[in-house]
Amino acid sequence: METDRIELAEIIRKYGSSFREEYYIAQHSKKVLNLISSCRTSKMGGHIEKCDCCGYTKNAYNSCRNRHCPKCQNRTKEKWINNRKKELLPITYYHIVFTLPAELNQIILLNKEVMYNIFFKSASQTLLKLGRDTKHLGAEIGIISVLHTWGQNLMDHPHLHCIVTGGGLLESKDKWVEAKKAKYKGFFIHVNIISDLFKKKFLFYVKKSYRNKELIFLGKIKELEKQNTFQKLLNDLYDKKWITYCKRPFGGAEKVLEYLGRYTHRVAISNNRIKREDNGKIIFEWKDYRHKNEIKEMALNPIEFIRRFTLHILP
């Protein structure tokens with residue numbers, strides 16, 4: 001039987017205890033779920049809002065202000081965008097997207113802080129090194145990076161959006177060098193060169209973290225504790241072609257701000273995409289990129305829905 005629209009917080013309140021009985025959940029993730037479920041309820045306490053013009057007052061519950069909460073992102077997003085607005089230049093900006101092979105997903109889920117730090121470091125070092133190379137630009141470029149960890153179906157799909165300046169400063173910092181027009185399908189450096197260097201850097205840092213015993217392996221991937229097994233995985237990943245996308249250039253600062261407004265400070269799923277609870281299933285909207293961005297509906301049992309959401313809780 002179909003019911004009224006439902007929000008993420010209500011789903012967690014109704015089914016969170018059952019989810020915790022069925023799945024192990026890290027303490028940090030427990031805290032996040034508790035905050036989201038308590039957001040704008042009596043558990044968070046309250047305050048009085050007063051109109052400056054007429055003096056009308058009303059009681060209001062406090063927000064949780066957690067970065068994973070779909071109700072609490074707008075103000076943070078606006079502040080972040082305003083800070084970036086001050087940094088943007090009247091130049092062309094490029095859009096690069098780094099992705100990771102699916103074989104790394106389980107390692108990432110168990111080692112989010114270490115692996116996402118490696119992700120950011122490897123991507124930025126790749127772009128900075130290639131930008132400094134005189135074959136491409138010979139200057140210091142600027143980068144804004146935004147991490148997304150999900151696909152439209154809420155499964156794990158870590159990818160890093162990088163907004164890159166179409167030029168850079170010479171080492172002397174006294175001259176701006178403009179990049180050549182995007183001759184390689186959206187960027188001034190060929191995507192294969194970017195992918196290959198990124199792969200080498202990423203796997204170098206993963207191997208270093210393994211040697212330093214910074215990674216944990218549990219459950220299905222516990223075998224990776226064995227050095228031979230882990231090295232075989234690395235060898236397979238070295239042989240694999242990694243996918244990096246060079247998107248169409250933004251064209252100017254206004255387009256960059258438009259993009260940032262849509263894609264920064266997003267959570268795995270917004271309340272707008274959650275349509276209803278129907279016959280014990282959570283129905284949500286998703287975009288099928290493999291079929292011309294067709295908008296579809298997906299039905300998941302509440303426990304699986306919460307499980308998928310927790311995949312994207314950052315440390």
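The values are calculated or read from the model by the stated rules, or taken from the named source; none is laboratory data. Every value quoted in this text rests on a predicted model; they were computed, and no experiment measured them. In this analysis, Cβ positions are derived from the backbone assuming ideal geometry, glycine residues included, and neighbour counts consider all displayed protein chains.
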So, in segment 141-184, exactly how many residues are within 29 Å of A102 (Cβ to Cβ), polar (S, T, N, Q) and not in a strand (DSSP E or B)?
2
On the given criteria, is V164 touching a residue at least 24 places away in the same chain (Cβ under 8 Å), under 24 Å from P315 (Cβ atoms), under 21 Å from the mean Cα position of the chain (by Cα) and not assigned by TED's automatic domain parsing to the domain that holds L33?
no
Identity of the residue in segment 250-292, touching a helix residue (DSSP H, G or I) at 6+ places or on another chain (Cβ under 8 Å) and of a type in the set (S, T, N, Q), that ends up nearest to H95 (Cα to Cα)
T264
Could you please let me know if L203 is assigned to a helix (DSSP H, G or I), within 18 Å of L109 (Cα to Cα), of a type in the set (A, V, I, L, M) and over 22 Å from the mean Cα position of the chain (by Cα)?
no
Identify all residues within segment 127-140 that are of a type in the set (D, E) and part of a loop (DSSP other than H, G, I, E, B); write none if there are none.
D133
Could you run through segment 91-105 and say how many residues are under 21 Å from K241 (Cβ atoms) and β-branched (V, I, T)?
3
Please indicate, with yes or no, whether at least one residue in segment 247-267 is farther than 30 Å from C72 by Cβ and not small (G, A, S).
yes
Please specify each residue of segment 16-44 satisfying the condition of being of a type outside the set (G, A, S) and surrounded by 19 or more Cβ atoms within 10 Å (Cβ to Cβ).
F19, V32, L33, L35, I36, C39
Where I48 falls short, out of the listed (1) in contact with a strand residue (DSSP E or B) (Cβ under 7 Å, 6 or more places away or on another chain); (2) aliphatic (A, V, I, L, M); (3) surrounded by 13 or more Cβ atoms within 10 Å (Cβ to Cβ):
(3)
Every residue in segment 259-312 that is basic (K, R) and more than 19 Å from Y15 (Cβ to Cβ), please.
R262, R266, K287, R290, K292, K296
Residue list for segment 212-245, restricted to those being hydrophobic (A, V, I, L, M, F, W, C) and in contact with a strand residue (DSSP E or B) (Cβ under 6 Å, 6 or more places away or on another chain)
I243
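Rundown of residues vs (1) over 14 Å from the mean Cα position of the chain (by Cα); (2) more than 24 Å from D236 (Cβ to Cβ), yes/no style:
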{"position": "T99", "(1), (2)": "no, no"}
{"position": "I107", "(1), (2)": "yes, no"}
{"position": "E113", "(1), (2)": "no, yes"}
{"position": "T126", "(1), (2)": "yes, no"}
{"position": "D133", "(1), (2)": "yes, yes"}
{"position": "H136", "(1), (2)": "yes, yes"}
Given the residues I193, I189, I221, which is the only one that is part of a helix (DSSP H, G or I) and more than 22 Å from V114 (Cβ to Cβ)?
I193
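This table checks each residue for (1) without any contact (Cβ under 8 Å) to a residue 24 or more places away in the chain; (2) in contact with a strand residue (DSSP E or B) (Cβ under 8 Å, 6 or more places away or on another chain); (3) surrounded by fewer than 18 Cβ atoms within 10 Å (Cβ to Cβ).
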| position | (1), (2), (3) |
| --- | --- |
| M155 | no, no, yes |
| L160 | no, yes, no |
| S172 | yes, no, yes |
| K175 | yes, yes, yes |
| N192 | yes, no, yes |
| K207 | no, no, yes |
| Y210 | yes, no, no |
